[in-house]
1. With the requirement that a residue be closer than 30 Å to G297 by Cβ, β-branched (V, I, T) and touching a residue at least 12 places away in the same chain (Cβ under 8 Å), what does segment 49-105 give you?
2. Do we have M382 as surrounded by 10 or more Cβ atoms within 10 Å (Cβ to Cβ), of a type in the set (A, V, I, L, M) and over 28 Å from D255 (Cβ atoms) here?
3. Identify all residues within segment 226-258 that are touching a Lys or Arg at 6+ places or on another chain (Cβ under 7 Å) and not in a helix (DSSP H, G or I); write none if there are none.
4. Test each condition in (1) closer than 23 Å to F264 by Cα; (2) in contact (Cβ under 8 Å) with a residue 40 or more places away in the chain; (3) not basic (K, R) for L300 and report the one that comes out false.
5. Just one of Y71, Y120 is more than 29 Å from D263 (Cβ to Cβ) and out of contact with any Gly (no Cβ under 8 Å at 6 or more places or on another chain); which is it?
6. Tell me, which residue of segment 54-93 that is touching a helix residue (DSSP H, G or I) at 6+ places or on another chain (Cβ under 9 Å) and among the polar types (S, T, N, Q) is farthest from S113 (Cα to Cα)?
7. Does A125 fit the bill of being surrounded by fewer than 20 Cβ atoms within 10 Å (Cβ to Cβ) and either in a helix (DSSP H, G or I) or in contact with a Phe, Trp or Tyr (Cβ under 7 Å, 6 or more places away or on another chain) (or both)?
Amino acid sequence: MKKILCFCLLFLAADLFAVQKISLADCEKAALKNSNALKAAAADFLSAQKAAQSFKTSLYPSLMLEANLRYIAEIPEFNGIKMGDNLNYSAGFALYWTLFDFAARSRNYESLSETANSQYALLQARRESILLDIRNAYFSLIGALLTLDLTQAQLELSLKQNSDIKSAFQYGAKSRLDAVLSDADVLRKQKQLKQIQIAVIESAARLNELTGGIIEGDLSEIPLKNKSSEIVELESTESLLKRYNSFLDLSFDEDSPQIKSLDFLSKTYFLLSQAQISSSYPQIAMSAKTSFDYPNGAALETIHQNAASLSLNAPIYQFSKSANAAAQNLAKSKSYEEQKEGMKIHLKTLFEASKIKARLLLSQKPINRDITAQIKTAAELMYKSYLSGN
């Protein structure tokens, strides 16, 4: 029984003091789920999509239920016969359809569809931006934690040397200057540790901000912990580098979401300009109605009436209203076209510069490994010399 109790206590203790493990994939998933900006972009896309779908109904006939009730105070008479009744009503179904309008409505619909496409491209761009932000935050925290361990190790070494120097000073083997310089070195390392702890807190807070609090616990307790392994366990830089090495072989995508969004906006305003031009031409519409009407002229009875009509609407003069509106939208279309070309050049420059920077950083890896080995050897020699008193 005692063995079982001890095992349970050990299990609970291990669970209590276990360090939280957080992968980059977990952070990406949480960031996409938590992002208000992504949710707003999704809502904007849905709004634009529904606007296009709503306008599309104007391309088809519309069936309406129509009813009216009217009271007339004075009824005209002819030879003593009333030509109607004080109470009049009509109820039935009516069909309306614009047969021809020089594609004005269809171009307006296409314009709204391009707006929805632009909003979808912006949604994709926002998603990529969030992933970039969370990866930067994750890598920033990795760097801060590695620096924390290095600074802590340097402080421990300084404290050890300071203790040895003070002992040697008491026996006259070291001077007062050696002791003062050692104290200053310890204080400097302690200050560096505080600064890196601030950097760790800031990086962890940024990660929590993007993910909605993926790091558990109180971040203000980080200064009480001496090692990164006591704070959180992240993926190793080696595994992350292997994952992203293939990105170096990618070529620039001219259909990136930012570019596509501007292209769709350019098409949106071009189609609007065409729709404005079409609205200056005649439109032909038809209607048909079947209803029950009361009264039937002088006969005070309800009749079933069928009617059909064809109408022509042709603007004669509007003081160049349609022409100016078309020119305005065409200019806006050209503006977005120029912005698209500028964005393409900007993104391509960033892409190529990033690839060059990444290759140069990776090329430093074997150099850094050699430097580390040399520093390690030098440190061992210096420590042996220190121990021997030379």
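The values are calculated or read from the model by the stated rules, or taken from the named source; none is laboratory data. Computed from a predicted structure; not experimentally measured. Every residue, glycine among them, receives a Cβ derived from its backbone with ideal geometry; neighbour counts consider all protein chains shown.
1. The answer is I72, I81.
2. Working: surrounded by 10 or more Cβ atoms within 10 Å (Cβ to Cβ): yes; of a type in the set (A, V, I, L, M): yes; over 28 Å from D255 (Cβ atoms): yes.
Answer is yes for this residue.
3. Restricting attention to segment 226-258, the residues satisfying the condition of being touching a Lys or Arg at 6+ places or on another chain (Cβ under 7 Å) are 231, 233, 248, 252, 254.
Residues satisfying the conditions are I231, E233, F252, E254.
4. Failed condition: (1).
5. Details: Y120 fails: more than 29 Å from D263 (Cβ to Cβ).
Being more than 29 Å from D263 (Cβ to Cβ) and out of contact with any Gly (no Cβ under 8 Å at 6 or more places or on another chain) holds for just one of Y71, Y120, which is Y71.
6. Result: S58.
7. Working: surrounded by fewer than 20 Cβ atoms within 10 Å (Cβ to Cβ): yes; either in a helix (DSSP H, G or I) or in contact with a Phe, Trp or Tyr (Cβ under 7 Å, 6 or more places away or on another chain) (or both): yes.
Taking the combined requirement at face value, the residue satisfies it.
Let's see how each residue does on (1) closer than 30 Å to C27 by Cβ; (2) under 41 Å from the mean Cα position of the chain (by Cα):
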{"position": "S58", "(1), (2)": "no, yes"}
{"position": "S62", "(1), (2)": "no, yes"}
{"position": "I72", "(1), (2)": "no, no"}
{"position": "I75", "(1), (2)": "no, no"}
{"position": "R105", "(1), (2)": "no, yes"}
{"position": "E110", "(1), (2)": "no, yes"}
{"position": "Q124", "(1), (2)": "yes, yes"}
